[in-house]
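What follows is a short report on a single structure.
The values are calculated or read from the model by the stated rules, or taken from the named source; none is laboratory data. These figures come from a predicted structure and were not determined experimentally. Virtual Cβ from ideal backbone geometry, glycine too; neighbours counted across all protein chains shown. The area values use the complete protein model at the heavy-atom level, side chains included, leaving out ligands, DNA and RNA. Shrake-Rupley method; radii C 1.70, N 1.55, O 1.52, S 1.80 Å.
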Amino acid sequence: MRLLSAAFARALSLLHLLRFIAAIFACLVVCCAAHGQAVDTAPVAKLINAGPVSTRPRRVNPSASEESIVSVVAVALNFEDASPIEKKAFEETNSTRVKNGLPPLTWDPDLYRMARTNSERMSRLGYFSHVTPEGKRLRERARDVGITHYRVLGENIAYNSGYDDPAAFAVERWMLSSGHRANILNAEFKAMAVGSFVAADGSVFITQTFITR
């Protein structure tokens, strides 16, 4: 009888120990799950340069109809007509080139029309790519604005939201990416333009296009 009581006591102690271990494990699982569900409130940014890209553009927000695009640039515009974001990105890019021993690029009105149109279309049609939903690449988009003769053509695009200075941030991030940096510091390019579009939710699309005619 005494042996039976001792065995029962050991079994009871073991049961308590197992329950204690199970409780600790459950707590760890809940804590990890809660950590994984924490809301990320950091600003958002995406970059793409004119390297090989998919022919099927990545969607970044719900698409709109082609007819909803009513404010794309109809004529080529000079630097004085650019927005503060566009001017800042242009100036930051040239400043970066000068710091790296390269001459500044001149403003190209035709490229500005092309870049501004591209940024607005990306925002309104809900994609982020060098290729349009219709499958038009950089060369075809240049042709659409009358640019048919050139030696070199390149492009950087950026999307960000939640930054106080979206233009400076875009140039800064481009310089940290080998492909974008190569475009900015390409000694072959002679001219450039930056076109931006700010969506209703505050997100900013920026297109930076380079050319040597």
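Couple of notes before you dig in:
- Residues located in the stretch 96-114, provided they are under 19 Å from Glu172 (Cα atoms) and open to solvent by less than 50 Å² (accessible area, probe 1.4 Å): Thr96, Arg97, Leu102, Leu105
- Filter result for the condition that a residue is surrounded by fewer than 24 Cβ atoms within 10 Å (Cβ to Cβ), over 20 Å from Ile85 (Cα atoms) and touching a residue at least 40 places away in the same chain (Cβ under 8 Å), over Gly202, Gly162, Gly126, Gly146: Gly126
- Selection from the stretch 165-195 of residues that are open to solvent by 10 Å² or more (accessible area, probe 1.4 Å) and touching a Pro at 6+ places or on another chain (Cβ under 9 Å): Phe169, Ala187, Lys190
- Residues of the stretch 144-175 satisfying the condition of being over 15 Å from Ala115 (Cβ atoms) and more than 13 Å from the chain's Cα centre (by Cα): Thr148, His149, Arg151, Val152, Asp164, Asp165, Ala168, Met175
- Checklist (1) touching a strand residue (DSSP E or B) at 6+ places or on another chain (Cβ under 9 Å); (2) hydroxyl-bearing (Ser, Thr, Tyr); (3) modelled with pLDDT of 95 or more applied to Ser95, failing item: (1)
- Screening the stretch 135-213 for strands (runs of 3 or more DSSP E) wholly inside it with 3 or more residues that are at pLDDT below 95 and farther than 17 Å from Ser95 by Cα returns the ranges 152-161.
- Residues within the stretch 135-171 that are of a type outside the set (Phe, Trp, Tyr), out of contact with any helix residue (DSSP H, G or I) (no Cβ under 9 Å at 6 or more places or on another chain) and more than 24 Å from Thr212 (Cβ to Cβ), tallied: 4
- Checking Lys88 against (1) open to solvent by less than 30 Å² (accessible area, probe 1.4 Å); (2) closer than 18 Å to Val204 by Cα, the condition it does not meet: (1)
- Sole exception among (1) out of contact with any helix residue (DSSP H, G or I) (no Cβ under 8 Å at 6 or more places or on another chain); (2) at positive phi; (3) of a type in the set (Gly, Ala, Ser) for Ser123, by number: (2)
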